[in-house]
Amino acid sequence: MEPVFIASGILLAILVIVSYYVTNGIGTMGAPMRQFALFLMNKAPVGLVDLFKDEPGSGSRTWMKYGMGWFLLAVICGFIGIWHKYDPTALDSLASIGWSYDDGSALADFTSTVMGISFTYLLVGGCLVAVTRAANNRLASEANASMVAVLYTASMSFSLILIPIIFRFVEPSDEQSIRDFITLMTTYVVSSLLFIALLMNVLATYSVRGEGTSSITAWFLIMAIVSRLVGSLYHVLGEITDNTQMVWLSERVLDGWVPLALIFALAYHVIPHAAKAPVWSGSLLNANMILLFVTVPPFFMTEANAGELLQNLGALLLTFSMLPLFAGSLNLLATASANSGSVLKNPGSLAATLAMFLLPIFAVGGYFTGMDTLTGTDKMLSMSTTIDEGFMFTVGGLMMLSAIFSSYPLAAGKKLADSSRGTMATWFLMFGGLTATITMLIGNFTEMAVLDSGIEDAVASTGGFYLTAAAMFYLVTIAVVMTTLVLIRTGTSSQRLKEVASTESDVDTYTLVEGTTTTIQQLIGRGVGVNTTLVVGDSVDSEGGSTVIAVSASLYNDEVTEFPEEDVDEVPEASDKGPNKQLVMLVDYLNKTKQTVFEFFKSIDLDDSGTIDGFEFQQALISSDVGEYPPWELEGLLSAIDLDKDGKINLPELDIALAQIAANYGGADEAEITEPATEQEETSATEQPSYTAASLGKLKKAELIDIAKSMGVSTSGTKSDLTTAILNG
């Protein structure tokens, strides 16, 4: 069996085991393991950890501050690199101080590495804030998190700066092998030890979260760290044993899974928090979480030097990688649209939303160029590198700004300083990064077209494209400088932020009906926090969210009883379970607005077809203040009302559903909501809506019996007898 299959199986098994125990805990071993982890983090290394503060938020702030410094260095080097492509002699004046400039590949590698370091710093720092909000408002050891951040910078600085300087004095024959070995150990082994400490800190923090609660961000962050640890191990083993398949797999994990997991981890915290709305689709979320770690991401692809089977399998997994990326982006964009006003006002959520908008675009470009690289055809030359760099500086850069503008104020407990400058920096980075990438791609395409022409003396004139790309990328540099200033001003600001922890819920008010019973745990599970206002007996509008109606707390149970399908010859028994909460809210709305079912149905039948589809019903719920519900919830509601299962709702079906709710729910009177009143005539409170033989003929016998019961007519006989009794009643 190929080594890559064994390694992949082990990796997936580790991720499944970790995911299971992160979600379900480790039982009675949880408390002892947490105490042991706290002992290690607070005591080792002896004396070193004591040099750092252990105040809430200090660890997250340290990660983001160091990341900002690396980010500034990365964009400066990125600008110089693009300018060098335009003018290779631009830096020749530095030769007098020992600068030995090559064709630009060394600077490109350095820029890519520095960008990866800054990306890791800022997104991990932003995710740590989300983990603390889901737990006890602080990391298990803030001092240890700060220490790890400092040591990670020290190790990376040694690998990138000190090692090249040291080996300038080593004999050339011995330099390469020794240098590669030390770089390998520093970059992968030492950093892995540091991330083990970070993982212990995250797990110890997450273990004290509220009972029955979970965090999507924490899950993605833990999976990213575990993947990084296993991927680093695979890379070291592959390099030592000269196993190219193992190295290729480790590169897919480290350059694909880990960055994308961190992107989604931060986005699933920033966007729902700013929109004050839950994640739009659970199905898309599951697809995003699961498929991301079983496919081959399209970014930073390298050639698979393997047999035809492995190449075909890699190409197939590369194609499937579009699914989790599109699922996650669509899900988060739909979540942001639930309260777009709040999202656009916050520079951090704006940056994350723009990143989710651009991610599918770069994913498609990365797919085509990555497929060319994977198969080794090399038809697109450097276009794959351009896409990868554009992805990191644009999508990755926007997510890094999101961490600064959204997570850093929460960690510092201060209001974001100069949000208008933050918004400007976000648009600068998005526009500059995207246009620079497109311009570079045009230059790459021009060069490729000239080479494919077959003309020997043809020379591709790409200087103008690189000059334009450098000018556009300069906006990215300006954006990062502006962001650095915003971070400094926020850190030194005296304006305190009221909400710094998850104990202050995003739910402002929650309504209960008098006489109902519930528990604190159930309320917390529904998003209620210690500062949420509980209103008994009244209807209130939750700011930034859907309308909350005064109904029984038991109606918010996830196990909602739908109208069951019954045998046509079986007489239904009275339901003893609670009604659907949306229908109850609709009944209350009709009572308050003094509308009949007939009038309400005519107002929502937009095309006058006599039936309403899912879109019409969704718009009706929104306009009636019942609220906006995602497709998976609306589908169940439609199924409960659609008695003949034709996919649409007619007037008798809606009347039956609301009549059953009114009969079982004390807050509304059945006669009141079904009364067909007009301006010309006055009817009694017990008059039933009109039915036709055609509409009744579509219903089951059990449904006809329900109508007959509600009208007080005979409930015996065949369907024809029941229809006649209803029409004559």
Filtering the stretch 308-328 down to residues that are buried (at least 24 other Cβ atoms within 10 Å of the Cβ) and either aromatic (Phe, Trp, Tyr) or within 30 Å of residue 619 (Cβ to Cβ) (or both) yields 328
The condition from (1) more than 30 Å from residue 385 (Cα to Cα); (2) surrounded by fewer than 20 Cβ atoms within 10 Å (Cβ to Cβ) that residue 76 misses is numbered (1)
If we ask which residues in the stretch 1-40 are small (Gly, Ala, Ser), assigned to a helix (DSSP H, G or I) and modelled with pLDDT under 90, their number turns out to be 4
Subset of the stretch 7-28, residues more than 26 Å from the chain's Cα centre (by Cα) and either loosely packed, with under 11 Cβ neighbours inside 10 Å or not assigned by TED's automatic domain parsing to the domain that holds residue 215 (or both), comes to 27, 28
Screening 602, 592, 648 for residues that are modelled with pLDDT of 75 or more and under 28 Å from residue 277 (Cα atoms) leaves only 592
Expected output for the stretch 475-488 (first residue farther than 10 Å from residue 425 by Cβ, partner aromatic (Phe, Trp, Tyr), Cβ below 6 Å, 6+ apart or cross-chain) is 477/79
Of the residues in the stretch 80-112 that are over 38 Å from the mean Cα position of the chain (by Cα) and of a type in the set (D, E, K, R), the one that is modelled with the lowest pLDDT is 102
Of the residues in the stretch 297-307, those that are surrounded by fewer than 24 Cβ atoms within 10 Å (Cβ to Cβ) and at pLDDT 90 or above come to 300
Among the residues of the stretch 259-284, the number that are touching a residue at least 60 places away in the same chain (Cβ under 8 Å) and part of a helix (DSSP H, G or I) is 18
The number of residues in the stretch 109-125 that are crowded, with 24+ Cβ neighbours inside 10 Å and among the small types (Gly, Ala, Ser) is 2
Of (1) touching a strand residue (DSSP E or B) at 6+ places or on another chain (Cβ under 7 Å); (2) without any contact (Cβ under 8 Å) to a residue 40 or more places away in the chain, residue 357 satisfies every one except (1)
Being small (Gly, Ala, Ser), within 25 Å of residue 304 (Cα to Cα) and in the same structural domain as residue 446 (by TED's automatic domain parsing) narrows 382, 337, 407, 349 down to just 382
* Just wondering, is there one or more residues in the stretch 369-391 that are surrounded by 24 or more Cβ atoms within 10 Å (Cβ to Cβ) and within 19 Å of the chain's Cα centre (by Cα)? -> yes
Residue within the stretch 114-135 that is assigned by TED's automatic domain parsing to the domain that holds residue 60, within 23 Å of residue 36 (Cα to Cα), over 22 Å from the mean Cα position of the chain (by Cα) and modelled with pLDDT under 85 present: no
Taking the stretch 134-155 and keeping only residues that are assigned to a helix (DSSP H, G or I) and surrounded by 24 or more Cβ atoms within 10 Å (Cβ to Cβ), one is left with 142, 144, 145, 146, 148, 149
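The values are calculated or read from the model by the stated rules, or taken from the named source; none is laboratory data. Values in this document were obtained by computation on a predicted structure and should not be read as measured data. All Cβ positions, even for glycine, are placed from backbone atoms using ideal geometry, and neighbour counts span all protein chains on display.
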